[in-house]
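Encoded as structure tokens, the structure appears first; notes follow it.
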Amino acid sequence: MTFFSPFRLRFNGNDSATIGGSGLLYTNANLTSAINAIPGFAGTATVTGAASTGFTVTFTGASAGADVSSLEFVGLSCGGC
């Protein structure tokens, strides 16, 4: 599944690879990999329910039950969304 509006996810000032558009396909697996590859992200995350309306992130490992910083959407260019 690919959606046109590309974006990156930011955690503590570090960005993921670009998701959507000409970047990674918008899938649970790619979103999970992108978050877990962000430099400085402790623990692991799992993404479920990836759809045009959003997705759910579950923090596990060292991040489970911890007060983690927010993930931010950056570079989102949705042209009318």
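The lone criterion from (1) under 10 Å from the mean Cα position of the chain (by Cα); (2) among the polar types (S, T, N, Q); (3) buried (at least 17 other Cβ atoms within 10 Å of the Cβ) left unmet by residue 5 is number (1). Checking 20, 61, 65, 75 one by one, the residue that is touching a residue at least 60 places away in the same chain (Cβ under 8 Å) and on the phi > 0 side of the Ramachandran plot is 75 and no other.
Residues being of a type in the set (Gly, Ala, Ser) and in contact with a Gly (Cβ under 6 Å, 6 or more places away or on another chain): count how many of those fall in region 30-77.
If we filter region 30-77 for residues that are of a type in the set (Gly, Ala, Ser), which is where we start, we get 33-34, 37, 40, 42-43, 45, 49-52, 54, 61-66, 69-70, 75, 77.
Filter once more, so that each one left must be in contact with a Gly (Cβ under 6 Å, 6 or more places away or on another chain): 43, 61-63.
Count: 4.
Tally the residues that are under 12 Å from the mean Cα position of the chain (by Cα), surrounded by 15 or more Cβ atoms within 10 Å (Cβ to Cβ) and outside any strand (DSSP E or B), restricting the search to region 19-40. The total comes to 12. Scanning region 51-78 for residues that are open to solvent by 80 Å² or more (accessible area, probe 1.4 Å), among the polar types (S, T, N, Q) and modelled with pLDDT under 90 yields 52, 53.
The values are calculated or read from the model by the stated rules, or taken from the named source; none is laboratory data. None of the values given here were measured: they were computed from a predicted structure. Virtual Cβ from ideal backbone geometry, glycine too; neighbours counted across all protein chains shown. Calculation scope for accessible area: heavy atoms of the full protein, side chains included, ligands and nucleic acids excluded. Shrake-Rupley method; radii C 1.70, N 1.55, O 1.52, S 1.80 Å.
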